[in-house]
1. Sort the following peptides by mean Cβ neighbour count (other Cβ atoms within 10 Å, averaged over residues), highest first: 62-72, 126-136.
2. Using the count of nearby Cβ atoms within 10 Å as a rough guide to exposure, how do 166, 115 rank from fewest to most?
3. Can you give me the distance in nm between label points at residue 57 and residue 13, each placed 7 Å from the Cα along the Cα-to-Cβ direction?
4. Between residue 180 and residue 73, with labels modelled 7 Å along Cα→Cβ, what's the label distance in nm to one decimal, could you check?
5. Which of 117, 186 comes first, and how do the rest follow, when ranked by fewest Cβ neighbours within 10 Å?
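What follows draws every value from the coordinates through simple rules; no lab data is involved. Here the structure is a predicted model, which is why all the values come from computation and not from measurement. Note: ideal-geometry Cβ built from the backbone for every residue, glycine included; neighbour counts use all protein chains shown.
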């Protein structure tokens, strides 16, 4: 009799503990509203992205600089582009999280995702493949006697069959359309932060 009561107390304590953990996990998820989205975005300069991915810039640097100076300049450019790709991925994650929260609050029926969600997925996919390639390139010993050829950043324009700057521009357009209910000043701040 005592053992069966003890077993039921252990089961009840575990069930209450599980319910408590679920409650804490549910309340820990941040509830994002439209004001939070603007502040969590990192600015991405698309003109800088275009200039880093320009094949003419790679050719001009290779032609103008010595091989050692070109490798150093290319390493700096790769690190800068890695930062920009990371910002693109972060922005797409914030926008996708907010889009999902809005869709859940409005009781959307499951089915095809919104344009914002599709654009965010494309940017995340591009950025994942581009970051892997950049990290591999940055881990190569480019300075070691010039044996390993210095990669061209222009080859990163397309990754996973996606044009990176074009995918990010589509994300910006989808975000501006999704947040049409914002005041003009807030909408301008959102697009500037993207």
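1. Values: 62-72: 12.5, 126-136: 18.3.
Per-residue Cβ counts within 10 Å, averaged per peptide and sorted highest first, yield 126-136, 62-72.
2. Fewest to most other Cβ atoms nearby, the residues stand as 166, 115.
3. Computed distance between label sites residue 57 and residue 13 equals 6.3 nm.
4. 4.6 nm
5. Details: 117 18, 186 15.
Listing 117, 186 from fewest to most nearby Cβ atoms yields 186, 117.
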